[in-house]
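The values are calculated or read from the model by the stated rules, or taken from the named source; none is laboratory data. Bear in mind the structure is a predicted one, so any value in this text is a computation, not a measurement. Cβ: placed from backbone, ideal geometry, glycine included. Neighbour counts: every protein chain shown. Please note that ligands, DNA and RNA were not included when accessible areas were found on the heavy atoms of the full protein model with its side chains. Shrake-Rupley method; radii C 1.70, N 1.55, O 1.52, S 1.80 Å.
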Amino acid sequence: MRISQRAQRVEPFYVMELAKAASDMASRARPGDRPMIRLNIGEPDFTAPPLVQAAAERAIRDGRSQYTDATGLPALREAISGWYRSRFGLQIDPARIVVTAGASAALQLACLALIDAGDEVLMPDPSYPCNRQFVQAAEGRAVLVPSGPENRFQLSAEQVAQAWGPATRGVLLASPSNPTGTSIARDELERIARFVRERGGITLVDEIYLGLSYEDAFGHSALGLPDGLGDEVISINSFSKYFNMTGWRLGWLVLPPALVPVVERLAQNLFICASTIAQHAALACFAPDSLAEYERRRAEFKARRDFFIPELDRLGLRVPVMPDGAFYAWADVRGLCERWGIPLQGADGAAGGSWTLAFELMQRCQIAATPGRDFGQAEPQHWLRFSTANALPQLREAVVRLEAAL
């Protein structure tokens, strides 16, 4: 059977490959062995709160499971608009909001609507690997621009200007970012959006972790940029992270008005609509009791960050930029690799450094973390991503195990 060139260009999602290895190792554990501590998957350990679960049950019981409009339930689009107003002080017309089958579908729709074959999209390196695959699926090309700790692992306006070429269509940013948990400073984001506007390009911003922001200096949506820049941004968001609905597969786009009918037409053909049950359930996310619970959980995520990051630093797994959002720690592992005799480059070009270290951590400490291999090409072997989407006692135990192994 002939496989398409498009499919062959898609690289493995190594975080899932490592997750399978961790599950296999855990399944072979003997009675009395230490359980695997999973700090590798970017999924909240919280599930949808009671009101959301009850709303889903009620929708099923009442038979409200037929297709919705491709743009989503009008009531849900209104509720999302209300959340922007109450949380960020932004007036977002519900007509600009398109509900999608997860942020993945949102990114796919945006890329298909805006990117032609050969178009280049600038992205920071490191960045979430699936984002560049959506660009490639639209026959575009993701151009990864090395973005180090001096820029908070984010693109700067200067880098965008230097990397912009004849084929550049725009930028795809993430704030806060996976894998680093860092956001773009508001003034820098404004400079980037202004430059992109001058070039007639597009600014896409992945904001799926925006609700999980912890610092007053950050946590501002790109939709609020001045001088009409925010009205031109394409914002991608999700019910997975802040709203703890990962497997429900529900997200949304905020689009410039002219783009809504284009995306609607694509959504009608590709998805028909997002899950109707999930949409009815998501309405309960915005009930006062649910929002209070989400804020309590956000405080818990921050407490985990505030404990874990300093402990990693103390143990020599340096996190050069304190994450201001999400639930990740992007740790420099060169010191630990040297200590354990792990070469940063494997033999004959094979993966080394953090890739080898990740398997060593599973063997020695029964801790699963994600090597940098997934997230870019700028020395990924130097970096390991820890997810703090795990209970504080588990994080404390992970520190105990790491300290003992060191």
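Taking the numbered list (1) among the basic types (K, R); (2) in a helix (DSSP H, G or I); (3) surrounded by 17 or more Cβ atoms within 10 Å (Cβ to Cβ) in turn, R364 passes all entries but (3).
Given the residues A274, A267, A292, A281, which is the only one that is out of contact with any Lys or Arg (no Cβ under 6 Å at 6 or more places or on another chain) and without any contact (Cβ under 8 Å) to a residue 60 or more places away in the chain? Spell out how you get there, then give the answer.
Details: A274 fails: without any contact (Cβ under 8 Å) to a residue 60 or more places away in the chain; A267 fails: without any contact (Cβ under 8 Å) to a residue 60 or more places away in the chain; A281 fails: without any contact (Cβ under 8 Å) to a residue 60 or more places away in the chain.
The conditions single out A292.
Among the residues of region 202-210, is there at least one that is part of a helix (DSSP H, G or I), open to solvent by less than 10 Å² (accessible area, probe 1.4 Å) and among the β-branched types (V, I, T)? Taking every residue of region 202-210 in turn, none turns out to be part of a helix (DSSP H, G or I), open to solvent by less than 10 Å² (accessible area, probe 1.4 Å) and among the β-branched types (V, I, T).
Looking across region 359-395 at every residue that is charged (D, E, K, R) and without any contact (Cβ under 8 Å) to a residue 60 or more places away in the chain, the one that is farthest from P320 (Cα to Cα) is identified as R364.
The test for being in a helix (DSSP H, G or I), touching a Leu at 6+ places or on another chain (Cβ under 8 Å), within 17 Å of A142 (Cβ to Cβ) and not small (G, A, S) does not hold for L122.
A count restricted to region 149-169 and to residues that are assigned to a loop (DSSP other than H, G, I, E, B) and either closer than 21 Å to I115 by Cα or over 18 Å from the mean Cα position of the chain (by Cα) (or both) stands at 6. If the condition is being out of contact with any Phe, Trp or Tyr (no Cβ under 6 Å at 6 or more places or on another chain), open to solvent by 10 Å² or more (accessible area, probe 1.4 Å) and over 27 Å from A157 (Cβ atoms), then region 95-109 contributes A95, S104. Every residue in region 140-170 that is under 26 Å from E215 (Cα atoms), open to solvent by less than 40 Å² (accessible area, probe 1.4 Å) and touching a residue at least 60 places away in the same chain (Cβ under 8 Å), please. If the condition is that a residue be under 26 Å from E215 (Cα atoms), open to solvent by less than 40 Å² (accessible area, probe 1.4 Å) and touching a residue at least 60 places away in the same chain (Cβ under 8 Å), then S147, G148, F153 are the ones that fit.
Residues of region 367-406 that are acidic (D, E) and in a helix (DSSP H, G or I): D374, E397, E403.
Among residues of region 230-257 being in a helix (DSSP H, G or I) and closer than 22 Å to R85 by Cβ, the one that is least open to solvent (accessible area, probe 1.4 Å) is G230. Residues that are assigned to a strand (DSSP E or B) and out of contact with any Asp or Glu (no Cβ under 9 Å at 6 or more places or on another chain) are absent from region 258-270.
Residue-by-condition table, conditions (1) basic (K, R); (2) open to solvent by 10 Å² or more (accessible area, probe 1.4 Å); (3) farther than 24 Å from Y14 by Cα:
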{"site": "L283", "(1), (2), (3)": "no, yes, yes"}
{"site": "S290", "(1), (2), (3)": "no, no, yes"}
{"site": "F307", "(1), (2), (3)": "no, yes, yes"}
{"site": "R318", "(1), (2), (3)": "yes, yes, no"}
{"site": "R334", "(1), (2), (3)": "yes, yes, no"}
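All conditions but one from (1) surrounded by fewer than 22 Cβ atoms within 10 Å (Cβ to Cβ); (2) β-branched (V, I, T); (3) at pLDDT 95 or above apply to T388; the one that does not is (1).
Residues checked against (1) open to solvent by 30 Å² or more (accessible area, probe 1.4 Å); (2) under 14 Å from the mean Cα position of the chain (by Cα); (3) closer than 25 Å to P380 by Cβ:
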{"position": "C111", "(1), (2), (3)": "no, no, yes"}
{"position": "A117", "(1), (2), (3)": "yes, no, no"}
{"position": "E120", "(1), (2), (3)": "yes, no, yes"}
{"position": "M123", "(1), (2), (3)": "no, yes, yes"}
{"position": "L172", "(1), (2), (3)": "no, yes, yes"}
{"position": "T180", "(1), (2), (3)": "no, yes, yes"}
{"position": "D187", "(1), (2), (3)": "yes, no, no"}
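No other residue among V333, V319 is at pLDDT 95 or above, touching a strand residue (DSSP E or B) at 6+ places or on another chain (Cβ under 7 Å) and more than 24 Å from A217 (Cα to Cα) apart from V333. Counting only residues that are open to solvent by 30 Å² or more (accessible area, probe 1.4 Å) and within 30 Å of Q366 (Cα to Cα), which one in region 37-92 is modelled with the lowest pLDDT? So the residue we want is I41.
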